[in-house]
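Trainee: Let me begin by handing over the structure; questions about it come next.
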Amino acid sequence: MTEYEILRPQNEIAIRGLYSLHYFQFASGYVFSGEKHNFWELVYVDQGEAEIGAGKEMRQLYQGQLIFHKPNEFHSIWANYAKGASLFVITFGCQSPAMRAFRGRQFTLASAQRHLLSRMIAEGQRVFGRVLDISDQKKLCPLPDAPPGGVQLITLYLTELLLNLLREQPAAPAPAPRPRLTEEEDFEAIFKRAQEMMSGRPDGSLRFSQVCRGVGLSATTFKERFKRYTGMTVMDYYRRLRIEEARRRLRTGEMNIAQVADELGYSSAAAFSRQFKLMMNLTPREYLCSIQL
């Protein structure tokens, strides 16, 4: 009798697990000041365009393009160049040596590769819910009625995409990434201080003059530099930050719309709803319904 011998796959790419999965729809003027973590991150522009910070470099990404952030690389999203971008972001653990090929790489996806991303997004919505924009997500929690094998399917789609990209020969060298402007680097600490002040006063009680004193700049200088850095005025940014806090509180389900409006200093639930609609293009009630789908 002939004895069969098994051929085992080499597993060039082995995904150890997922940390987060998001689908963000950013309005023009959004700013994410940045973070770093000890696992890989893939950022894909599904619609629009955005400027992505990677270390000390800036990369312009357009629809159908993606970029990888290696572990412990500081990365950010800059609103100056974002035009209503929709971004898919997935973070994952992988220690395969083949991942070195993705360090600092930016790709323009072919149709089949974009289809894999679409399947990842669709499966993510089946497993984790229709709304995937929870920015403070620290743990992925599948829905109680999530289809079996959903997380495994997402991991398989991701592995297939990585292997597909790994087979691609490096294209002609891309233009050198544009370094951040010295003014932006100088302003970064000032911006973070202003952001901390705003985050600490989400009830709308913070005044522009107080922010200027807190960062140690004159009103004219701070206003001009903030606008160049973020693409919006100081108080517009504060209003957007308050709406982000409102979304976070609504997601917890611990307060109703009227209570959130009161806690965040709005004169009435109607005034809160108008501001929410202006920023998010849907009312608080519509937002709650979208979360509960």
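The values are calculated or read from the model by the stated rules, or taken from the named source; none is laboratory data. Computed from a prediction, not measured in an experiment: that's the story for all the values here. Cβ sites come from the backbone with ideal geometry, for glycine too, and all protein chains shown count toward neighbours.
Trainee: Can you find, within region 38-67, the residue that is surrounded by the fewest Cβ atoms within 10 Å (Cβ to Cβ) among those that are in contact with an Asp or Glu (Cβ under 9 Å, 6 or more places away or on another chain) and not in a strand (DSSP E or B)?
Mentor: So, considering only residues that are in contact with an Asp or Glu (Cβ under 9 Å, 6 or more places away or on another chain) and not in a strand (DSSP E or B), the one surrounded by the fewest Cβ atoms within 10 Å (Cβ to Cβ) is 56.
Trainee: Filter region 33-47 down to the residues that are within 28 Å of residue 190 (Cβ to Cβ) and more than 11 Å from the chain's Cα centre (by Cα) and list them by number.
Mentor: Let us first name the residues in region 33-47 that are within 28 Å of residue 190 (Cβ to Cβ), namely 33-37, 41, 43.
Of everything in region 33-47, those that are within 28 Å of residue 190 (Cβ to Cβ) and more than 11 Å from the chain's Cα centre (by Cα) turn out to be 36, 37.
Trainee: From 101, 54, grab the single residue that is in contact with a helix residue (DSSP H, G or I) (Cβ under 7 Å, 6 or more places away or on another chain) and over 29 Å from residue 290 (Cα atoms).
Mentor: 101
Trainee: In the list 285, 248, which residue meets the criterion of being at negative phi, part of a helix (DSSP H, G or I) and under 19 Å from the mean Cα position of the chain (by Cα)? Don't jump to the end; show me each part of the working.
Mentor: On the way: 285 fails: under 19 Å from the mean Cα position of the chain (by Cα).
Going through 285, 248 in turn, just one is at negative phi, part of a helix (DSSP H, G or I) and under 19 Å from the mean Cα position of the chain (by Cα): 248.
Trainee: Moving on. For the subset of region 248-273 comprising residues that are in contact (Cβ under 8 Å) with a residue 60 or more places away in the chain and surrounded by fewer than 20 Cβ atoms within 10 Å (Cβ to Cβ), which member is farthest from residue 195 (Cα to Cα)? Working first, answer last.
Mentor: Filtering region 248-273 for residues in contact (Cβ under 8 Å) with a residue 60 or more places away in the chain gives 248, 251, 263-266.
Going one step further and asking which of them are surrounded by fewer than 20 Cβ atoms within 10 Å (Cβ to Cβ), we end up with 248, 251, 263-265.
Values: 248: 17, 251: 22, 263: 19, 264: 17, 265: 18 Å.
Checking each candidate, the answer is 251.
Trainee: Which one is nearest to residue 14 (Cα to Cα) among residues in region 141-180 that are surrounded by 14 or more Cβ atoms within 10 Å (Cβ to Cβ) and modelled with pLDDT under 90?
Mentor: Ranking the qualifying residues of region 141-180, first place goes to 177.
Trainee: Just to check your reading of the model, which residue among 124, 104 is at pLDDT below 95 and on the phi > 0 side of the Ramachandran plot?
Mentor: Criteria check complete, one pass: 104.
Trainee: Which one of the conditions (1) touching a residue at least 24 places away in the same chain (Cβ under 8 Å); (2) within 24 Å of residue 133 (Cα to Cα) does residue 215 fail to meet, given that it meets all the rest?
Mentor: (2)
Trainee: Identify the single condition in (1) closer than 28 Å to residue 127 by Cβ; (2) modelled with pLDDT under 90; (3) part of a strand (DSSP E or B) that residue 73 does not satisfy, given that it satisfies every other one.
Mentor: So the condition that residue 73 fails would be (3).
Trainee: Looking at the structure I just gave you, is residue 91 modelled with pLDDT of 90 or more and assigned to a helix (DSSP H, G or I)?
Mentor: Values: modelled with pLDDT of 90 or more: yes; assigned to a helix (DSSP H, G or I): no.
So residue 91 fails the test.
Trainee: Quick check on this structure: which one of 278, 217 is more than 20 Å from the chain's Cα centre (by Cα), part of a loop (DSSP other than H, G, I, E, B) and not assigned by TED's automatic domain parsing to the domain that holds residue 127?
Mentor: After ruling out the rest, the residue left standing is 217.
Trainee: Can you tell me which residues in region 112-150 are among the aliphatic types (A, V, I, L, M), within 20 Å of the chain's Cα centre (by Cα) and part of a helix (DSSP H, G or I)?
Mentor: Listed by number, the residues that qualify are 116, 117, 120, 121, 122, 127.
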